[in-house]
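Where a number appears in this text, it was derived from the coordinates with a stated rule and is not lab data. Bear in mind that the values here come from a model prediction, so they are computed numbers and not experimental data. Cβ sites come from the backbone with ideal geometry, for glycine too, and all protein chains shown count toward neighbours.
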Amino acid sequence: MNRFAKLATAAVAAAGMTMAAPARADNDAAKVIAGLLGVAILGAVISDLADNDRHVTVVTPPKNQPQPRPLPKHFLRYTLPKDCVQSSGHSHSKNALLAKSCLKRNFAFADNLPKSCQVRYWNQKRSGVRKGYTLTCLERHGYRVVRR
């Protein structure tokens with residue numbers, strides 16, 4: 001039975017109890033007792049319905065659900081940080097470079113990069129010759145640039 005039907009049944013029962021006594025002048029005490037009993041039953045039903053709403057059902061995930069695992073180290077060693085890419089255009093232009101100093105700070109395997117991809121370039125911001133790696137060469141060796 002839904003909540004409304006329970007409440008309506010309780011209200012009809014309470015009203016029926018108050019009207020069941022005959023309308024005599026000498027029976028006033030019985031009317032009062034019947035009315036109080038009906039109100040008490042109605043209050044108990046409403047209280048019971050309100051108590052059922054307070055129960056919270058907690059759903060726990062199954063224990064055998066697979067948990068995500070971290071990426072293996074051999075996968076991470078081939079992902080280069082996008083922040084280190086320096087170029088005149090977008091990150092995949094012909095002259096895209098990865099600064100060696102940035103890779104040392106942000107890439108744990110910077111010392112293991114192929115020496116054949118290493119170049120020297122002029123850095124206008126710092127007015128000097130810097131070392132870096134060409135992106136196309138690193139991509140040929142299996143490296144890729146990702147946003148971390």
Open item on the list: Among SER87, VAL146, SER101, whose Cα projects farthest towards the positive end of the dipole of segment 73-146, with charges put on the beta-carbon of Lys, Arg (+1) and Asp, Glu (-1)?
Closed with: SER101
Task: Distance between modelled label sites at TYR78 and THR136, nm, 7 Å Cα→Cβ extension - done: 2.1 nm
Task: Segment ASN64-ALA40, length gained on full extension (0.36 nm per residue, minus Cα span) - done: 3.6 nm
